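The values are calculated or read from the model by the stated rules, or taken from the named source; none is laboratory data. Model, not experiment: these values are computed from the prediction. Cβ: placed from backbone, ideal geometry, glycine included. Neighbour counts: every protein chain shown.
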Amino acid sequence: MTATALLSQAVQLALALALAPLLVGWVNQCRAWLSNRSAPPLLLPYRTIRKLFMKDAVVASNASPLFRLTPYVVFGAMCCAAAIVPSLATDLPFALAADTIALVGLFALARVFIALAAMDIGTAFGSLGARREMFVGFLAEPALLMVLFTASLISGSTSLPSIVDTLAHRELAIYPSLAFAGVAFTMVSLAENARIPVDNPATHLELTMIHEAMVLEYSARHLALIEWASALKLFNYSCIGLALFFPFGIAQGSENWAAIALAVPVLVGKLALGGFLLALIETVSAKMRIFRAPEFLGTAFLLAVLAMLVHLLLGS
Amino acid sequence: MQPDAISLVLAAVVAWLAIGALGIAGLRKLRFVSRVLFPAGAGVGIALAVVAFLAIGAPANAVVLPFGLPDLPFHLRIDALSAFFLVLLGAMSAAISLFSAGYFRSSEGTPPGLICFQYHVFLAAMALVLVADDAYAFMVAWEAMALASYFLVTTEHRIPEIRRAGFLYLLIAHVGAIGILLCFGVLQGGSGDYTFAGMRAAALSPAWASVGFFLALFGFGAKAGILPLHVWLPEAHPAAPSPVSALMSGVMLKTAIYGLLRVAFDLLQLQLWWWGVVALAFGLVTALFGVIFAAAQTDMKRLLAYSSIENIGIIVSGIGLAILFKAYDKPTLAAIALTAALYHALNHAFFKSLLFLATGAVLHATHERSLGKLGGLIHRMPWVAWLALVGTLAIAGLPPLNGFVSEWLLLQAFLFTPTLPQSFVNMLVPIAAAALVLAAALAAYVMVKFYGVIFLGRPREANLAYAKDAGKHERLALSLLAAGCVLLGIFPGVVIHALDPVNVLLVGSPVGEAAGNWLMLAPFGEDRSSYSPLIVLVVIVAVVLVTMQVVHRYYHGRVRRADPWDCGYPLQTPRMQDTAEGFGQPVRQVFEPFFRIERELPTPFDATPRYRVDASDPWWHWIYVPVARAAELAARFVGLIQQGRISVYLTYSFVTLLALLFLVR
Amino acid sequence: MNVLPLYAQLINLFAAILLLLSFAMLAQRRVLSLIDLFAAQGLALAASTAIVAFGTGQHHLYWSAGLTLVLKVFLLPWILYRLIRQLDVKWDFERLINVPTTMLIGIVLVVFSFNLAVPISQLASTVTRSTLGIAMACVMLSFLMMITRRKAIPQVIGFLSMENGLFFAATSATYGMPMVVELGIALDVLVGVLILGVFFFQIREQFDSLDLKHLEKLKEGE
């Protein structure tokens, strides 16, 4: 572990924290354009977060300390995840602390905490949201892990930087298994990030909410942290997707600062494209009934398992 | 002279028996029993754990006691495997006895002194099971364990359901015991030598070895709760007092795992790959079934019982994987799978005991087991609630706690199976891994339900407002277990290193130095996979603290309290929160084929509409009810020879005697 | 791990796409989308055959690729579209077993056929032998699709897609069958679809529906 590696780690984490709200702003803008509305400003998420930090926190009278602790824990888990996912360079000292399985575990940790906090106040919507979130979670988690397993089998490692190193910096080869896994991953990401067709991030129609129903009781700085954490989650998923399926442009090691500097615009470009595609998917699809979600995520799971089987059969 | 480990273990057993006898002496002296005897038992437990921990790395040592029948002395022996499970037993018994010191009150049922006696006999019997070195001693200890636990389950024996649950437990325990007895009969291979040393020496053909293995899987499976022999668990656990549930779930189920390991890896000298596949399949089906049913439960202890079934399934699938690797001569991989199974056994002991004890505290405070009548206890019982939160997160398999470590190891073992020479197994394994992950993800769902419904939200009943937090003994016991969950979670390298002698004994290879140091877990080297829970924990805590500081420094820390918002809906009552049924409903709907569901829906014209849905265990109807019918039918035939006249009975005896004399003439 | 030549990688990719499309057909509820999926499957098949032809220099495979393209991407879907328009049956339809269960059975079939294919593909000497398992899986999945459907047109599509799987198996195991056989099969399929089309009209005239459960009435003794 060298000083440069630590530095590159710090740069990536800072970049993730800084870029995450921008990605959300960009997706919202694209969504607005695609549905022929005038778009909100690109920087709106930053302003929202700042505004929320300034406000006085209103907490329900029967909230326990768990309720107030949760936003911090969720934010902490997402930061931890952001430190593992290689976005600019693959030399991440912290990535040794947690591989892909632990990464899924971190996401689960955040999910469990936020679901518990949603049940804490004891309102009807809170527990409804918690139940649905855990429901989507237990369907999505296996599919996500199967996707990551496929990539691990190809590269013989469960550590994300090693996977990216293998996939990005070797002779170019087509992996049909990755094609399957890519489709599965897209579906899982939509579900996990509370996107259409499983959830709608913009909804405030009570009965269709999942994520929004859970965070109804939060306000001010707690809400700001949760919004920021959600943005980070989207950013993390995007970066995992890019790292697994379009790893080109990520710098190898941390010695070559020119490569890392070059990786920044490449990352921004890829994220912009990915965000646009996300907005496109959301625009062209309709939200499903909650009990269609098992079918949707079951298909993702199936695709991920098929990806593994195809990998084992074809060896690629 | 330094006393050897086995004598110290025996001393602990004798001490427990003595404490039990003192309990009989002070039959109704609650204070004496709870303030003196149970803490003393806890002390013995700690001593046993320490002795056994030191014995894990030491060479095996044995002793022969001249007890029992002539020419059938008790052989006792302690090796790494026994020592590991003795550590588990000692640690758990220490915490649970401490909790019991504050738990048992005078009640209608068994007097406290008798409970104390049964309890300590139970502990002593479990210790003897773990050190027995011949089939005779093993079966004696095994039966003593079953009987003692039966009496403990039926502590409240005035309630008919509890007697029924106890009977079911005893029945299945004995069906299992027959399997184990037959297994030992097969293993001695016609030599007539029932010591374990003799069984190791017996060269069995693969066919007989398979028979022995499956008898063991059946017999020990009945105790451990492998499908379809699991039905006693969800009946017996809610019936028993909470410390007993904790002991049964945390330790007794593990003695069955011990037995399975002893037979599969130690007594049998060869392993066939398809045993591994069968064990893996049974384990995964058990795990999935257990967790799906746990999601549908409305009684907190039944929920935990089903969750125990799930965890046993995970352990058994780890054992299956280890057998598979061992059979294909990949000892290092086998060591990792076995480590995962052992580690999970240890973890399960800690978090399940913690949660069972927490439900005990809740039960004492509220007299309520039904999830539909609890809620909001985090305000009234903060100690229990926060310590139970640790157990909840651990059992949900979340980093950086201990449940995650064993799942991580098991998944790593799964991931590296494609090196196996058989393509069929190769392709089954990813699907098995998928099932395992599904079970783990569902466990998180179940535990959110468990914790959220009991401790969070608003109290669903008015009398919950008078609930009192647990006393100091209980708090201390719960804290010890929670600390165990955390420590096992953040120092996996140390634990795995300590487990290595067991691996060497059973699969002939350690996980090795490559497993990493105290900080980092990396069973295949750091470039393949690594996990360091301590760093994860430190980073999360650091981020939390820094964020709090920054937010409060640069902005402010003002908080206003107000009524809940809830989209502005007025008139919210606590009954509008999700009930346990409501929370489990999605799982019930998705996995409907697994359940046997009976619904009673109200019609629109009902004046007093009633809605009833009953999701019951289909195995009752698939296996047990037909078996019971067949038994009744057979009994009716046998009943034909019952005449009621003594001379007829004497004739039966006489004819039998004549026939026997003719046959063995 | 030695890297395969590019064309072999492409064949693997198309094989995977074929499998994906088979699963998609298994799960598809709408008849019109089913036909589109079938056309896409034909396209993938044609492309992979052409690539095999290019990679191995087996020029007769170009002809079968072209034949596949014409027949399965354009002609048969067109006929089916016409049939549907004339029969006026653009409905959604139900199935015998629900989607997740069908999918699970599908996965089991895939594992089964992959394992079945391993010893066979060790005997074969072609570059494409590893795709044999996928070809067999496609056949099995089409069979499963025919079993789970109760309407006539989806069953015919299942039958046609099974033929796709067989064709792909032949290509991957032995670089295709002799030209005469292939032409014969193509003709058979074409004629088969035409005859089935006539049958559809007859069935509908008889029962006012294309639901095959009405055929159960044809059994004797009731």
For this session: Scan the range A:117-127 for residues that are buried (at least 24 other Cβ atoms within 10 Å of the Cβ) and either more than 7 Å from chain B (Cβ to nearest Cβ) or assigned to a helix (DSSP H, G or I) (or both) and jot them down.
Result: A:Ala117, A:Ala118, A:Met119, A:Asp120, A:Phe125, A:Gly126, A:Ser127
For this session: Name every residue in the range B:543-595 that is facing chain A (nearest Cβ under 7 Å), in contact (Cβ under 8 Å) with a residue 40 or more places away in the chain and polar (S, T, N, Q), in order of residue number.
Result: B:Gln577
Problem set entry | Filter result for the condition that a residue is in a helix (DSSP H, G or I), of a type in the set (A, V, I, L, M) and either buried (at least 21 other Cβ atoms within 10 Å of the Cβ) or within 11 Å of chain A (Cβ to nearest Cβ) (or both), over C:Leu67, C:Leu20, C:Leu75 | C:Leu20
Problem set entry | Candidate set: the range B:487-539, residues that are at pLDDT 80 or above, among the small types (Gly, Ala, Ser) and assigned to a helix (DSSP H, G or I); chosen: the one farthest from B:Phe53 (Cα to Cα) | B:Gly489
For this session: Would you tally the residues in the range A:225-262 being touching a Gly at 6+ places or on another chain (Cβ under 6 Å) and either polar (S, T, N, Q) or surrounded by 23 or more Cβ atoms within 10 Å (Cβ to Cβ) (or both)?
Result: 1
For this session: Could you name every one of the helices (runs of 4 or more DSSP H) located completely within the range B:286-381 that has at least 3 residues being closer than 22 Å to B:Leu217 by Cβ and without any contact (Cβ under 8 Å) to a residue 60 or more places away in the chain?
Result: B:300-327
Exercise. Across the range B:447-465, what is the total count of residues that are more than 9 Å from chain A (Cβ to nearest Cβ), in contact (Cβ under 8 Å) with a residue 24 or more places away in the chain and assigned to a helix (DSSP H, G or I)?
Worked result: 5
Exercise. A:Ile226 versus (1) among the hydrophobic types (A, V, I, L, M, F, W, C); (2) in contact (Cβ under 8 Å) with a residue 12 or more places away in the chain; (3) within 14 Å of chain B (Cβ to nearest Cβ); (4) out of contact with any Pro (no Cβ under 6 Å at 6 or more places or on another chain): which is the lone unmet condition?
Worked result: (4)
For this session: Please specify each residue of the range C:128-161 satisfying the condition of being among the β-branched types (Val, Ile, Thr) and away from chain A (no Cβ under 12 Å).
Result: C:Val139, C:Ile147, C:Thr148, C:Ile153, C:Val156, C:Ile157
Exercise. Is it fair to say A:Phe107 is under 30 Å from B:Ala580 (Cβ atoms), at pLDDT 90 or above and in a helix (DSSP H, G or I)?
Worked result: yes
Exercise. Could we say that A:Ala57 is surrounded by fewer than 24 Cβ atoms within 10 Å (Cβ to Cβ), touching a strand residue (DSSP E or B) at 6+ places or on another chain (Cβ under 6 Å) and under 22 Å from A:Trp228 (Cα atoms) here?
Worked result: yes
For this session: Within the range A:163-189, work out how many residues are away from chain C (no Cβ under 13 Å) and free of Cβ contacts under 8 Å to residues at least 40 places away in the same chain.
Result: 0
For this session: Name, by its number, the condition in (1) within 21 Å of the chain's Cα centre (by Cα); (2) facing chain A (nearest Cβ under 7 Å); (3) more than 29 Å from B:Asp299 (Cα to Cα) that does not hold for B:Leu410.
Result: (2)
Exercise. Do we have B:Ala441 as part of a helix (DSSP H, G or I), in contact (Cβ under 8 Å) with a residue 12 or more places away in the chain and within 26 Å of the chain's Cα centre (by Cα) here?
Worked result: no
Seminar exercise, completed: Of the residues in the range B:378-407, those that are at the interface with another protein chain (Cβ under 10 Å from one of its Cβ atoms) and more than 18 Å from A:Ala77 (Cβ to Cβ) number 5
For this session: Give the range B:165-213 a look and list any residue that's more than 26 Å from B:Pro238 (Cβ to Cβ), free of Cβ contacts under 8 Å to residues at least 12 places away in the same chain and not small (Gly, Ala, Ser), or say none.
Result: B:Asp193
For this session: Could you please find all residues in the range A:163-190 being of a type in the set (S, T, N, Q) and buried (at least 23 other Cβ atoms within 10 Å of the Cβ)?
Result: A:Ser177, A:Ser189
Seminar exercise, completed: Scanning the range A:95-104 residue by residue, those part of a helix (DSSP H, G or I) and at the interface with another protein chain (Cβ under 7 Å from one of its Cβ atoms) turn out to be A:Leu96, A:Ala97, A:Ile101, A:Ala102
Problem set entry | Unique match (being in contact with a strand residue (DSSP E or B) (Cβ under 9 Å, 6 or more places away or on another chain) and buried (at least 24 other Cβ atoms within 10 Å of the Cβ)) among B:Val405, B:Val390, B:Val362, B:Val384 | B:Val405
Seminar exercise, completed: Scanning the range B:424-446 for residues that are facing chain A (nearest Cβ under 8 Å) and under 24 Å from C:Phe112 (Cβ atoms) gives B:Asn426, B:Met427, B:Pro430, B:Ile431, B:Ala433, B:Ala434, B:Val437, B:Leu438
Seminar exercise, completed: Across the range A:126-157, the tally of residues that are out of contact with any Lys or Arg (no Cβ under 7 Å at 6 or more places or on another chain) and closer than 23 Å to B:Phe414 by Cβ stands at 18
Exercise. Would the range A:230-245 turn up any residue that is in contact with a Lys or Arg (Cβ under 6 Å, 6 or more places away or on another chain) and part of a helix (DSSP H, G or I)?
Worked result: yes
For this session: Scan the range A:36-54 and give yes if some residue there is within 14 Å of chain B (Cβ to nearest Cβ), more than 19 Å from A:Leu271 (Cα to Cα) and touching a Leu at 6+ places or on another chain (Cβ under 7 Å), otherwise no.
Result: yes
Exercise. List the pairs whose first member sits in the range A:81-99 and is buried (at least 23 other Cβ atoms within 10 Å of the Cβ), whose second member is basic (Lys, Arg), and whose Cβ atoms are under 9 Å apart, counting only residues at least 6 apart or on separate chains?
Worked result: A:Ala81/A:Lys233; A:Asp99/B:Arg528
For this session: Using the structure shown, decide if B:Gly493 is within 14 Å of chain A (Cβ to nearest Cβ), touching a helix residue (DSSP H, G or I) at 6+ places or on another chain (Cβ under 9 Å) and crowded, with 19+ Cβ neighbours inside 10 Å.
Result: yes
Exercise. Which fully enclosed helices (runs of 4 or more DSSP H) of the range B:552-665 have 3 or more residues being more than 27 Å from B:Phe455 (Cβ to Cβ) and under 37 Å from the mean Cα position of the chain (by Cα)?
Worked result: B:625-639
Seminar exercise, completed: Selection over the range A:138-161 where residues are assigned to a helix (DSSP H, G or I), crowded, with 24+ Cβ neighbours inside 10 Å and within 7 Å of chain B (Cβ to nearest Cβ) yields a count of 7
Exercise. Within the group A:Ala118, A:Ala140, which residue is farther than 28 Å from A:Thr299 by Cα and at pLDDT 85 or above?
Worked result: A:Ala118
